[in-house]
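The next block holds one structure in the form of structure tokens; read it before the comments.
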Amino acid sequence: MLQVLSSAWALLLGMGLLMVGNGLQGTLLGVRGAIEGFSTFQMSFVMSAYFIGFLGGSRMAPDLIRRVGHVRVFAALASFISAVMIMYPAFANPVAWFVGRMIIGFCFSGVYVTAESWLNNAADNRNRGKALSLYMIVQMIGIVSAQGLLLVGDPSGYETFVLASVIISVSFAPILLSISPTPAFDTAKRMSLRRILEISPLGCVGMFLLGGVFSAQFGMSAVYGAEAGMTLGQISAFVASFYIGALVLQYPLGWLSDRADRRILIMAVAALGGVASLAGMMLNSQFQMLLAAAFVVGGMTNPLYSLLIAHTNDYLDHDDMAAAAGGLVFINGLGAVSGPLLTGWLMGQGVFGPSGFFLFMAILLLTLGAYAAYRATQRPAISSDDTGTMSPIYAAASPVATEWAQEVAIEADLEDQDATETI
């Protein structure tokens, strides 16, 4: 781990700052929208725009990089991000924010593709898994740290938006000044969505539902906090709880994943997340219970992303894993676009009010759990000795990071095979 840190600290620092800026702007907009008097449904459109842009960017960024190179793409997109951050308070209008969020989603997708290519290139076969783990930890720490910065300035003014812009601008320096060489860029061949559905129905359905759950967390948790009457400090702690749960529970569930029927584990994890969501809905007057619910929901949701990819890999040859993962990321992105919209609609209903936030996640997670239980009856379980390794990956990762995780899983599987043959 120290070797990875010493060779790629500049890239990791830059990515950590990028995550701070991204995490701060999402929560800040949720709070500022309430101050400006935007309706919950208007904010749901604003929040969904990020995922529309991110989905488009993940498809277009590779072509941009091939045409003009990593450095130009990174610098141009990062500059747009910094500029839009400043424009939010100057144009406090839902339409302007929708356009700004879509631009930022597109740009962040391209920035992640570029930076993750550099990071993956900086690692080698001996430390690729450690580099991926360290990268995920940096991502989570960045987002959690961002919630604390929400308290630095007045969200009704300009200061916090300027801070987010400055952090993004500063993040360019360690990445662009890194001595790491610009990597050759190549993406995996694509696999049709129909083919992926035939191979793993649970992987496809699960990723679509999970996209809605994750985008609700990332886009609407601050909106929920503002609508529920939380203080700024409470909103900060509430949003952070989702990501702390994801960081703490990812590795224990990953350990279980390599030793149990993954369909049963997916069913149990989704069901537990759904029950925690229902608890958050029914006990919303108790702030400590909301924090506990957010911790459990976040802790179940993010590992589910890695679990679904690992489950799909169990039915694939090594050569097809990266292609299938790219398709699963796209399916997840389609689900993510609808998440804030449906959450905002439920929160806007008089029957549910703000609790529609938790209700939406409960419906999707319990549906995923029920479908996993059904799929467990459709074909025999694969022996845990024959399943591949689960590599932890953040649910908002770009296709590059997901392919990187596939490389780690393949290398781990090959090492296990060599060890078995030696014995």
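The values are calculated or read from the model by the stated rules, or taken from the named source; none is laboratory data. No experiment lies behind these values; they were computed from the predicted model shown. Note: ideal-geometry Cβ built from the backbone for every residue, glycine included; neighbour counts use all protein chains shown.
Selection over segment 119-129 of residues that are polar (S, T, N, Q) and either at pLDDT 75 or above or in a helix (DSSP H, G or I) (or both) gives a count of 2. Within segment 261-292, the only residue that satisfies the criterion of being crowded, with 21+ Cβ neighbours inside 10 Å and over 30 Å from PHE330 (Cβ atoms) is LEU290. Scanning segment 1-38 for residues that are modelled with pLDDT of 90 or more and not in a helix (DSSP H, G or I) turns up GLY37, PHE38. Can you confirm whether segment 125-136 contains a residue that is free of Cβ contacts under 8 Å to residues at least 24 places away in the same chain, surrounded by fewer than 20 Cβ atoms within 10 Å (Cβ to Cβ) and either of a type in the set (A, V, I, L, M) or more than 16 Å from TYR394 (Cβ to Cβ) (or both)? The answer is yes; a qualifying residue exists.
No other residue among ARG66, ARG72, ARG59 is of a type in the set (Lys, Arg), surrounded by fewer than 16 Cβ atoms within 10 Å (Cβ to Cβ) and within 25 Å of GLY212 (Cα to Cα) apart from ARG59. Of the residues contained in segment 244-255, one or more are found to be within 27 Å of ASP320 (Cα to Cα) and hydrophobic (A, V, I, L, M, F, W, C). On inspection, ALA276 passes the criterion of being among the hydrophobic types (A, V, I, L, M, F, W, C), closer than 21 Å to GLY211 by Cβ and either touching a Cys at 6+ places or on another chain (Cβ under 8 Å) or at pLDDT 90 or above (or both). Per the conditions (1) surrounded by fewer than 18 Cβ atoms within 10 Å (Cβ to Cβ); (2) over 23 Å from TYR112 (Cβ atoms); (3) among the hydroxyl-bearing types (Ser, Thr, Tyr); (4) modelled with pLDDT of 85 or more, the sole criterion not satisfied by SER200 is (1).
The residues listed here are LEU163, LEU132, LEU177; of these, the one that is in contact with a helix residue (DSSP H, G or I) (Cβ under 9 Å, 6 or more places away or on another chain) and at pLDDT 80 or above is LEU163.
Kindly indicate whether any position in segment 316-324 is in a helix (DSSP H, G or I), crowded, with 19+ Cβ neighbours inside 10 Å and modelled with pLDDT of 85 or more.
Within segment 316-324, the subset in a helix (DSSP H, G or I) is 318-324.
Keeping just the survivors that are crowded, with 19+ Cβ neighbours inside 10 Å gives 320-324.
Okay, now just the ones that are also modelled with pLDDT of 85 or more, so none.
Among the residues of segment 316-324, not one is in a helix (DSSP H, G or I), crowded, with 19+ Cβ neighbours inside 10 Å and modelled with pLDDT of 85 or more, which makes the answer no.
Of all residues in segment 340-362, those that are in contact (Cβ under 8 Å) with a residue 60 or more places away in the chain and either buried (at least 24 other Cβ atoms within 10 Å of the Cβ) or in a helix (DSSP H, G or I) (or both) total 16. Of all the criteria given as (1) at pLDDT 85 or above; (2) surrounded by fewer than 24 Cβ atoms within 10 Å (Cβ to Cβ), the one not satisfied by LEU304 is (2).
Could you tell me which residue of segment 31-48 is farthest from GLY219 (Cα to Cα), considering only residues that are among the small types (Gly, Ala, Ser) and touching a Phe, Trp or Tyr at 6+ places or on another chain (Cβ under 8 Å)? This residue is GLY33. Could you list, in sequence order, all residues of segment 226-241 that are closer than 13 Å to MET43 by Cα and in contact with a Phe, Trp or Tyr (Cβ under 6 Å, 6 or more places away or on another chain)? Correct list: empty. Residues that are outside any helix (DSSP H, G or I), out of contact with any helix residue (DSSP H, G or I) (no Cβ under 6 Å at 6 or more places or on another chain) and not charged (D, E, K, R) within segment 274-315 comprise SER285, GLN286, listed in sequence order.
Listed by first and then second residue, the pairs linking a residue in segment 72-86 that is touching a residue at least 40 places away in the same chain (Cβ under 8 Å) and closer than 14 Å to ASN22 by Cα to a residue that is surrounded by 14 or more Cβ atoms within 10 Å (Cβ to Cβ) and among the hydroxyl-bearing types (Ser, Thr, Tyr), with Cβ atoms under 7 Å apart and 6 or more places separating them unless they lie on different chains, are SER82/SER165; SER82/SER169; MET85/SER165; ILE86/SER165.
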